[in-house]
1. Fewest first, what order do F405, F111, F264 take by the number of other Cβ atoms within 10 Å?
2. How far apart, in nm, are two points set 7 Å out from the Cα along the Cα-to-Cβ line at S214 and at C391?
3. Within 10 Å, count the other beta carbons around each residue, average over each peptide in 168-178, 373-383, 298-308, 128-138, and list them highest first.
4. As a footprinting exposure proxy, order H292, H285 by other Cβ within 10 Å, with the fewest listed first.
5. To make sure I understand, if each residue's beta carbon is the centre and we count other beta carbons within 10 Å, what order do S201, S86 fall in, fewest to most?
6. Distance between Cα centroids, the stretch 239-269 to the stretch 33-86: provide it in whole Å.
7. When only C-alpha pairs under 8 Å and at least 6 residues apart count, what is the relative contact order of the chain, in percent?
8. If I require 24 Å or longer along the helix axis, counting alpha carbons, and a Kyte-Doolittle average no lower than 1.6, what helices from the chain are left? Use full DSSP H segments.
Amino acid sequence: MRDGEAPAAAQRTALSTPELVAMVAALSALNALAIDVMLPALPLIGRDFALAIDNDRQLVIVAYVALFGVSQLVYGPLADAFGRRSVLLLALGLFILGTVLCVIAPSFELFLLARALQGAGAAATRVVAIAVVRDLTEGRRMAQVMSMAMTVFMIVPIVAPGVGQLILLVAPWRWIFGALLVYAILVLLWTLLRLPETLRSENTTPFRPRRIASAYLAVLRERQALGYILATTFMTSCLFSYITASQQIFVDVFDLGTAFPVAFASIAVAISFGTFLNSRIVMLHGMRRISHAMTLAFTLSAATMALLAALGAAGFWIFFALLALTFSFFGLITSNYNALAMEPVGRIAGSASALFGAITASGGALLGGLIARAFDGTVLPFAVGLALAGCAALAAILWTERGRFAAAH
């Protein structure tokens, strides 16, 4: 499959490119909101549910992300068998149910169950969004569309914690989930009214366990797909570790207090800058050259941050500047990894997207959770974790490309 675009594919849907980008961004934003908007409320959630161990409040994020990852294994085959639109509508309904339960859950255990339901519903937003884009584009064009969507989507992490903090100034923390419920309903209505079916009839795959297993095995047998799935998993662990530990790092270590949303938003701006820059240069320089070089830059930057932390020289501004630089590189990596992993498996895009999401989200949550749980009141374990994950991603790239690095192929 060539590293370009398929002009004929662009005519399979009534959606214009701007609306396609906006819809993919809105679907992705639902997932980001479900994580980021409630970050300022974590201490209040822990207090209201009388949690004895502070790190247990991280489970509010872990429960969501774990089901978000695993559920994609189901949604992919469903989307390949029954179409993108109907599967997405049902999943959005499940997300809305989970959100309602978050508002009324009387115990921490039931609250975690509700968060898991949210994650299970949100999983389809990722699977279907990527499958729809892959139905309509390929290669560098797909990477460009995904980067543009990610650039719009990255507005959410910038503003979400601030929105959550504003809600907390006037209402209890459960109102945050009430606001999330309103947004989910609006996305459901938009999907119902505007999203056509993009799966072509000749690409339909029957929903049969043997065929599902065969499709997943076909993806895993593709060296390029498997390699970039692994590389993405390592990079995703960096993002999840940051999200999970950010409140403790900025508030407990650096004592930012209510300024936490500003610091969190600033890192989101750095990532957004990277994704926007990628959308502007990927057609010229190619996915491999950009993502490989930026993975190396990410790793070196994280290693520098770890070294300074070990020497006791990582004050807030030094740490913050290096963190922003590191995650700006991250923004130039993941969209390209995604497109490279999906490139050779277009015929089974739904299953490929599901397996990609399940492994990268669940694996990233597991590894990222381990990095976050190593929090000891300093930033050293976090910085070391980022550097090691970057090294692992570089190793995955070298294996995938058989030793070639940053090549223009």
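Throughout, read-outs are computed from the coordinates displayed, never taken from laboratory work. In this text the structure is predicted, and so the values were computed from the model without any measurement. Because the Cβ atoms are built from the backbone with ideal geometry, glycine has one as well, and the counts that use them run over all protein chains shown.
1. Details: F405 14, F111 23, F264 26.
Lowest count first: F405, F111, F264.
2. It is 4.3 nm.
3. 128-138, 298-308, 373-383, 168-178
4. On the way: H292 23, H285 14.
So the residues, fewest neighbours to most, are H285, H292.
5. On the way: S201 7, S86 13.
Going from least to most buried by this count: S201, S86.
6. Using only Cα atoms to place each centre, the spacing works out to 19 Å.
7. Details: 688 pairs, mean separation 111.2, N = 409.
Once normalised by length, the contact order is 27 percent.
8. Working: long enough: 17-36 (27 Å, 1.36); 84-104 (31 Å, 2.10); 108-136 (42 Å, 1.20); 174-194 (31 Å, 1.77); 223-247 (38 Å, 0.64); 260-285 (37 Å, 1.45); 287-310 (34 Å, 1.04); 349-373 (34 Å, 1.18); 380-400 (30 Å, 1.98).
Qualifying helices: 84-104, 174-194, 380-400.
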